[in-house]
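Novice: First the structure, then my questions, so here it is.
The values are calculated or read from the model by the stated rules, or taken from the named source; none is laboratory data. Because the structure is predicted, anything quoted here is derived from the model rather than measured. Glycine gets a Cβ as well: all are built from the backbone with ideal geometry, and neighbour counts include every protein chain shown. These accessible areas exclude ligands, DNA and RNA; they are computed on the full protein's heavy atoms, side chains included. Shrake-Rupley method; radii C 1.70, N 1.55, O 1.52, S 1.80 Å.
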4 protein chains.
Amino acid sequence: MIDFQKIIQDIHASMSNIEVRGKIASYIPELAFIDKKKLGIHLIDQEGNNYFTGDSKEAFSIQSISKVLSLAMAFPIMGDNLWKRVDVEPSGDPFNHLSLLELENGIPRNPLINAGALVIADILVSNLENPKEDFLNYVRNIANDQTINFDKKIAYSEKETGFKNYAAANLLKSYGNIKNKVDDVLDFYFHQCSLQMSCKQLVNAFYIFMNKGMCQLNKSYLTVKQTKRINAIMLTCGFYDEAGEFAFEVGLPGKSGVGGGIVALLPNKFCVTTWSPGLNQKGNSKLGMLALEQLTTKTGLSIF
Amino acid sequence: MIDFQKIIQDIHASMSNIEVRGKIASYIPELAFIDKKKLGIHLIDQEGNNYFTGDSKEAFSIQSISKVLSLAMAFPIMGDNLWKRVDVEPSGDPFNHLSLLELENGIPRNPLINAGALVIADILVSNLENPKEDFLNYVRNIANDQTINFDKKIAYSEKETGFKNYAAANLLKSYGNIKNKVDDVLDFYFHQCSLQMSCKQLVNAFYIFMNKGMCQLNKSYLTVKQTKRINAIMLTCGFYDEAGEFAFEVGLPGKSGVGGGIVALLPNKFCVTTWSPGLNQKGNSKLGMLALEQLTTKTGLSIF
Amino acid sequence: MIDFQKIIQDIHASMSNIEVRGKIASYIPELAFIDKKKLGIHLIDQEGNNYFTGDSKEAFSIQSISKVLSLAMAFPIMGDNLWKRVDVEPSGDPFNHLSLLELENGIPRNPLINAGALVIADILVSNLENPKEDFLNYVRNIANDQTINFDKKIAYSEKETGFKNYAAANLLKSYGNIKNKVDDVLDFYFHQCSLQMSCKQLVNAFYIFMNKGMCQLNKSYLTVKQTKRINAIMLTCGFYDEAGEFAFEVGLPGKSGVGGGIVALLPNKFCVTTWSPGLNQKGNSKLGMLALEQLTTKTGLSIF
Amino acid sequence: MIDFQKIIQDIHASMSNIEVRGKIASYIPELAFIDKKKLGIHLIDQEGNNYFTGDSKEAFSIQSISKVLSLAMAFPIMGDNLWKRVDVEPSGDPFNHLSLLELENGIPRNPLINAGALVIADILVSNLENPKEDFLNYVRNIANDQTINFDKKIAYSEKETGFKNYAAANLLKSYGNIKNKVDDVLDFYFHQCSLQMSCKQLVNAFYIFMNKGMCQLNKSYLTVKQTKRINAIMLTCGFYDEAGEFAFEVGLPGKSGVGGGIVALLPNKFCVTTWSPGLNQKGNSKLGMLALEQLTTKTGLSIF
């Protein structure tokens, strides 16, 4: 029997003295003020047992991790028609994301790069009555936690400075792959990314991906097939152009955000979130990557 | 002695029966209504003699031709500092213009592609008191014609549908190469492109590039060196990804617009404008290209 | 208990009447003569039980599937130094493989695209006494089958027509990432790709990737960690620019070849090979993809 | 009346003390031994008057300058059919030349990049009885100088190390745009590039491009139209990704080589060659670019 609590505590302890912790994301001004020393880990197994250590209950900006949640909400609405508007291939390319859009006629490579997440946001804006509220409620429900909220200041901060996202959204619009007004889609998208959640809240939300689409209250949000497919996309596309590296070093489906969070999961076994705000050169949490690599090494658990 | 009048009349006559005239630009809805049969040619020599035929006095939307005029206005303001914000190399690439921006850190390849013209527009917005009015007056003055005007409907039409330009401007903004508000720069840019000018008005305006920077009233707008350099840019970059083809077939510095106009010139000899709204696959006027090729063949005049 | 035999027979039966079977690879002239009707499936579980149907004992040209075998042989020789010469990221890009090499200074994206496999071939040529013989013996040993052999005619056929591989190898050489003579590396590479193996022989060889690096005779060829990493690379990079699609639809690490074979495996559970020579537009076996999708759907077994 | 002799002497004098002279090409080992202090200028006007200074009579490796000569030989053989196998657009792109080939189905952007010159070489190999000898005689004849010769050591040196050219030639072969054996085409190409010529010999050879296709003995090698077109290609494509810069700063059709030579010409006026082995970052002679910029500034002569 694996002693998860001891393992994550050991990992946490081994990391507390590491000086080189990467760089905090500063392109969103509001994110720049986070204490780089923060480090939290929270793991939940399929039976619902919780193991945690460090700053695991402190909320942070989940940023790109939200893309998995919006995808999970949009997939059942659209069914497989979703894949007419966004592909499922890794982007593979650090530099010219917009060029790929141009070469591929406005169909983003996958729903976890910004362009793809903007298409998903457009779908939700088209299909939800009160897009921001409805999405927030969806996240609260799957996590069974009504205290989760947007950080309006961060959403506003992105609105003022997120020029690359404006560029991507307008390019998608020029190809007809955004149906609503660009400003409406971006307003939704910046809110979605501004969700404040703790490690604990994130494992509760991502429990559905580990548990065949069902939350801890046994309500089903995704079919088994849909769950499997979102996990596959997380594995091949969840870490920007470091997706291969993460599969190689960690071997779990997962998703990172520039707020320093990483969620990863082993289907039918456990779901884990790490939070350490310093990022490596590819934009993924430096200590988070390391912690998860140690976790799969020490437990011997991975999908491979 | 070359009989320009006879030559352009012969060219015009030889073209009146051509059925396949290319496609009218339809991405700007307002442009789609032009009669494809329109064909005008106007040539002015350095001495100020005028030769013209066909619809040479009818104003049309000059679109990208305006990029040379805004460049001419911005160059003396900025001097060679201009070239820190935009390069002078051909883009060479039909597909991934935005990717080039990404690869080259927000420095557009040259001032005659859209991204480069947006940087020029930004410079004028920064440096002019009343940007749109001042630019309009500049064009009226170099052409010595106070009747030239914007077409507000076309400017508005672009504002509603020019998503690729919004994408490019936001991408430039993300690299810090647009200083003003994106909306202000685009408002200026869409107005600049909406200028309505006839073949006659265009040769009058472009006379300065043929005549060492001086207009017909002998007022100097550009130094000899600046004029030479703008001509060089027109030759290497004036025809999208058909610049080489135009240099090869015609051999004159020039600039085309999707409204179907082409201006070309032989320094110290003549300046000529053709107008035929049908475009070839590269977006240049089909009959205009042909007419200019015949003109340089029949006169034996080209820079090569 | 899953009845593998019934499941693969059902899949085989359901496919026998499919008319549209994709296109046989013809760029290697020798491959063009295969009967498109061929269809074989062979599955082996971790306990060594065999389940098979159709043309599962007929040898075919394994082509790119061999890249996993050469990687498996090179990895223990080089250890993690291997990853200085080749990366582990999906290439993501159907068109400009060579351009990626140019942009990334001669470091191929991963060992399963041609450029990466050429680097692996170079490593084996450097480290083996009799490269072709030693590699052949390695494959025979892990599969415990001394009848496996190269098809010299196919190797020769590639040598005469494989200009893209010559281009890639010379480009790698120009970056110093091939140490031996280009012709020696390509001679090895074309032989490696020309291996003739049946579905049965392939599952026997790939058994080591399903079984923590150990063959059926319990000899260890790879450490657990090395095995896990090769599986991760297969999942993210094993299907050209359809890797995401395969992870999404099938959810197993695997590798395809233009000869129409696909090997896939679920760690610690089973390894399966399908063979149907018709390829889809991305170059993967059309019926093979379908058969594996059905297998994971019917068994409910996948890594996700 | 312009005093060419004084002007080029002044330019030469002003440069003799410049310390920073760029880097000598070292990728061809044989070129690395040249004295960086060498500086020659030779100008010939249409009337045949010669003006020269410095090391203008010392032969050096003309390298890429030879591409204009092979093009001039191939053009009359193929006529306009030539342009089915190579385009006339600037490549515009420093990094991914081979990718452009992949995107554009094996049609090189223009005949002055390596891939295009390889296609021209293939055409000459197909059409000449004794390709190397016939080409050498062609150059000797247009320059009216039977002492011009290949440097076999340099040709051999390229053969041993020119892996990028092998890569390009094989890629072209894979698209069917090289008809002969790759090795035969490269053998011709490396010889062509190895031509040793002095500034004086180069202006004599390039006299035909300044003089409507006729050499100094009044023999015609190109039609007026062909000459004009080759000049257009030199202007738009003659300086790698610095073609726009050269047109902008100098304003003459020309061609550079990594041996440090530059030939430029003003149609019907003069032809000039500079030689200084140090190269700038784009691979063009640093002092040569500067000398030609000064020449056109001091004489006021350029095509613009």
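Novice: Can you find, among C:L217, C:Q9, C:L71, the residue sitting farthest towards the positive end of the charge dipole of chain C, where Lys and Arg contribute +1 and Asp and Glu -1 at Cβ?
Specialist: So the residue furthest toward the plus end is C:L217.
Novice: Could I ask something else about it? One decimal, nm, shortest first: give the distances between the label point of B:Q5 and those of the same position in the other copies, each label point 7 Å from Cα along Cα→Cβ.
Specialist: Nearest to farthest, the other copies are at 4.9, 10.0, 10.3 nm.
Novice: From zero up to wherever the largest Cα-Cα distance of segment B:148-189 sits, split into 10 Å bins and tell me the percent of pairs in each.
Specialist: For segment B:148-189, the binned pair fractions read 28, 50, 20, 2 percent.
Novice: Once you have a ≥ b ≥ c as the square roots of the Cα gyration tensor eigenvalues for segment D:1-87, tell me rounded if a/c is under 1.5, and otherwise prolate or oblate according to whether a/b is larger than b/c.
Specialist: In terms of gyration-tensor shape, oblate.
Novice: Still on this structure, I have one more. Between B:I18, B:I154, B:I142, find the one with the highest GNM mean-square fluctuation for chain B; connect C-alpha pairs within less than 10 Å.
Specialist: Of the options given, B:I18 has the highest mean-square fluctuation.
Novice: Please compute, for peptide D:241-254, the average count of beta-carbon atoms on other protein chains lying within 10 Å of each residue's beta-carbon.
Specialist: 6
Novice: Quote the total accessible area buried by chains B and D together, excluding ligands, DNA and RNA, probe 1.4 Å, nearest 100 Å².
Specialist: 2900
Novice: Residue by residue through A:170-178, how many Cβ atoms from other chains fall within 10 Å of the Cβ on average?
Specialist: 4
Novice: Size of the dipole of the protein assembly as shown about the Cα centre, Lys and Arg at +1 and Asp and Glu at -1 on the beta carbon, nothing else charged, in debye to 20?
Specialist: 0
Novice: Still on this structure: Taking a point 7 Å out from Cα toward Cβ as the label site, list the nm distances between C:D80 and the same residue in every other copy, smallest first.
Specialist: Taking the point 7 Å beyond Cα along Cα→Cβ, the inter-copy spacings are 4.2, 5.1, 6.3 nm.
Novice: Highest GNM mean-square fluctuation, chain D, Cα pairs closer than 10 Å: which of D:I120, D:I233, D:I28?
Specialist: Result for chain D, Cα springs under 10 Å: D:I28 fluctuates most.
Novice: Carbon and sulfur: what percent of segment C:121-225's accessible surface (1.4 Å probe)?
Specialist: Ligands and nucleic acids excluded, carbon and sulfur reach 46 percent.
Novice: Treating only the Cβ of Lys, Arg, Asp and Glu as charged (+1, +1, -1, -1), what charge dipole size does chain A show about its Cα centre? Round to the nearest 20 debye.
Specialist: Using only the charged Cβ atoms, the result is roughly 280 debye.
Novice: Take the Cα gyration tensor of chain C, multiply each eigenvalue by 5, square-root it, and list the three semi-axes largest first, rounded to whole angstrom.
Specialist: The answer is 28, 21, 18 Å, longest axis first.
Novice: Counting helices only, and only those DSSP H runs with n ≥ 4, report the 222 nm mean residue ellipticity of chain A as the sum of -39,500 (n - 2.57) divided by its residues, in deg cm²/dmol to the nearest 500.
Specialist: Result for chain A: -14000 deg cm²/dmol, rounded to the nearest 500.
Novice: Moving on to the next point. Compute the acute angle (0 to 90°) between the alpha-carbon long axis of helix B:286-299 and the principal axis of greatest extent of the alpha-carbon atoms of chain B; round to the nearest 10°.
Specialist: Roughly 50 degrees between the two axes.
Novice: Just tell me which lysines come within less than 27 Å, Cα to Cα, of B:K6; anything on the same chain fewer than 8 places away is out.
Specialist: Cross-link targets: B:K36, B:K37, B:K38, B:K57, B:K200, B:K255, B:K269, B:K286, B:K298, D:K212, D:K225, D:K228.
Novice: Whole-Å semi-axes of segment C:19-134's equivalent ellipsoid, largest first, each the root of 5 times a Cα gyration tensor eigenvalue?
Specialist: 30, 21, 15
Novice: Starting from the Cα gyration tensor of segment D:149-285, take the square roots of the eigenvalues, sort them a ≥ b ≥ c, and report rounded, prolate or oblate (rounded when a/c is under 1.5, otherwise prolate if a/b is larger than b/c, else oblate).
Specialist: Here segment D:149-285 falls in the prolate category.
Novice: Moving on to the next point. Rank A:A13, A:A247, A:A169 by mean-square fluctuation in a GNM of chain A with C-alpha springs under 10 angstrom and give only the top-ranked residue.
Specialist: Taking springs between Cα atoms under 10 Å, the residue moving most is A:A13.
Novice: Among D:L172, D:N130, D:A115, whose Cα lies farthest out toward the positive end of the dipole of segment D:78-178, if unit charges sit on the beta carbon of Lys, Arg (+1) and Asp, Glu (-1)?
Specialist: Going by the charge dipole, the pick is D:N130.
Novice: Per residue of D:223-232, count partner chain C-beta atoms within 10 Å of its C-beta, then hand back the mean as an integer.
Specialist: 4
Novice: For segment D:29-44, what does the Karplus curve 6.51 cos²θ - 1.76 cosθ + 1.60, with θ = phi - 60°, yield as ³J(HN,Hα) per residue in whole Hz, taken in order and with x for Gly and Pro?
Specialist: x, 5, 7, 5, 8, 5, 6, 5, 6, 4, 7, x, 9, 9, 10, 10
Novice: Can you give the angle from 0 to 90° between the axis of helix A:131-143 and the longest principal axis of chain A, with both taken from C-alpha atoms, to the nearest 10?
Specialist: With both axes taken from Cα atoms, the answer is about 20 degrees.
Novice: Okay, moving on. Nearest 10 degrees, 0 to 90: what angle lies between the long axis of helix B:4-15 and the longest principal axis of chain B (Cα atoms)?
Specialist: 80
Novice: Averaged across orientations, what area in nm² does the convex hull of the alpha carbons in the protein assembly as shown project?
Specialist: About 48.6 nm², averaged over all directions.
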